[in-house]
Amino acid sequence: MAFETSKDVLDWYEKQDRTLSKEFIDGLPWHTVKDTPIDEKFVPVLLYMRDVEVLTDMYHRELQRTPTGRDPVIAKFMERWGVEEITHGQVINRFLNEAGYETPDDWQSQTHLNVTKTYHTYTYLMTMLTNLLGSRFTGTHMAFGAIHEMSTAQAYRRMKELANHPVLSIILEGIIREEAAHTHFYWSVAKLELQKSTTAQKIARKVIETFYVPVGQGSLAKSRAEYSVAMLFSGEGGVETIDRTVTQRASQLPGLDGLTRVKTKSGGICSKFRPKLAAASALVLSINLYAAV
Ligand SMILES: [Fe+2]
Ligand SMILES: [Fe+2]
């Protein structure tokens, strides 16, 4: 689907129905969650996914202080995007509770309190930089957003396959559908923005090749991000899947051909963890469960 303006992309997005509506969530067979056990090694990954999702309101507030967030079309998209991402986190949390993994009532505010100080300093500097670059940075924001949305959707796909839990699968299918719509928005607007200027393309390429890390790694503990990537993608075909579905699709954006960072970063994490995954699993599981209760 080719769009001529970002407003066209927004119009398309606004025509998409929500998948995770109240009716969808209320109608899930929650009472059957406990009938199928979930392998404990996936619990830290689900906690990580949950936390990344609910931190979206923080990312949203940060973007509002940049030229990207002040763009009326993008701002409109982000109002709905922010709500959808928070729902994803809340539904994952409810699944964990129904599966027997208790979380505190104030888990959302605890997640915000656990954001690293380094992240806040880094964000302050990035906000200053993006304001200096003005709208030339919008393509970078949008390309980064597309990469994060695509990799998130792949992580959920992988989780669905590996965990193979009947209720979690229904939840993840719903989330994946919404992530696909987010990807389409980000990717399409990135394409339009990057087409406008070779300077914007060069900035996007440089920033992605220098700073890309798995979604959430900047704001949450690096060990949690790495555990999640390794647990989902270190198995057969995992890194190749990221390359095919994320790196190669991002490479189709103007100025981003031959992009390598997403694959090399994820591949590096997987090869670092692969030999010691069993031990790391036990360690990170205990850390995250203590953090969550
Ligand atoms: Fe999400
Ligand atoms: Fe998303």
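Quick check: the angle from helix 261-273's long axis to the longest principal axis of the chain, C-alpha only, nearest 10 degrees? Tilt relative to the chain: about 20 degrees. Overall, the ratio between the Cα radius of gyration of region 37-190 and 2.2 N^0.38 Å, rounded to two decimals, is 1.10. By the count of neighbouring beta-carbon atoms within 10 Å, fewest first, Ser197, Ser151, Ser228 end up ordered Ser197, Ser151, Ser228.
Relative to the dominant Cα principal axis of the chain, helix 277-292 is inclined by about 90°. Among the GluC sites (Glu not before Pro) within region 21-107, those in coil by DSSP and having at most 14 neighbouring Cβ atoms inside 10 Å are Glu102. Pick out which of Asp105, Asp257, Asp57 has the largest mean-square fluctuation in a Gaussian network model of the chain, springs linking Cα atoms closer than 10 Å. Of Asp105, Asp257, Asp57, the most mobile in the Gaussian network model is Asp105. Note on the chain: Kirkwood radius taken over Cα pairs, Stokes-Einstein applied at 10 °C and 1.306 mPa s, translational D equal to 81 µm² s⁻¹.
Karplus-derived 3J(HN,Hα) values for region 84-90, using 6.51 cos²θ - 1.76 cosθ + 1.60 with θ = phi - 60°, are 5, 5, 4, 4, 4, x, 5 Hz; glycine and proline are entered as x. Taking label points 7 Å from Cα along the Cα-to-Cβ direction, Arg244 and Gln110 give a separation of 3.9 nm.
When Val83, Val213, Val246 are arranged by Cβ crowding within 10 Å, least crowded first, meaning fewest neighbours, the order is Val83, Val213, Val246. For region 206-223, the Karplus equation 6.51 cos²θ - 1.76 cosθ + 1.60, evaluated at θ = phi - 60°, returns couplings of 4, 5, 5, 5, 9, 10, 4, 9, x, 3, x, 4, x, 9, 10, 4, 4, 4 Hz by residue, with Gly and Pro reported as x. If you average the alpha carbon positions of region 15-30 and of region 185-225, how far apart do those two centres end up, in angstrom? Cα centroid of region 15-30 versus Cα centroid of region 185-225: 30 Å apart.
For region 163-170, putting each phi into the Karplus relation 6.51 cos²θ - 1.76 cosθ + 1.60 with θ = phi - 60° gives couplings of 6, 6, 9, x, 7, 4, 4, 5 Hz, in residue order, rounded to whole numbers and with x for Gly and Pro.
Computed from the coordinates by the stated procedures, all read-outs in this text should not be read as laboratory data. Not measured: the values here are computed from a predicted model. Cβ atoms come from the backbone with ideal geometry, glycine included; neighbour counts cover every protein chain shown.
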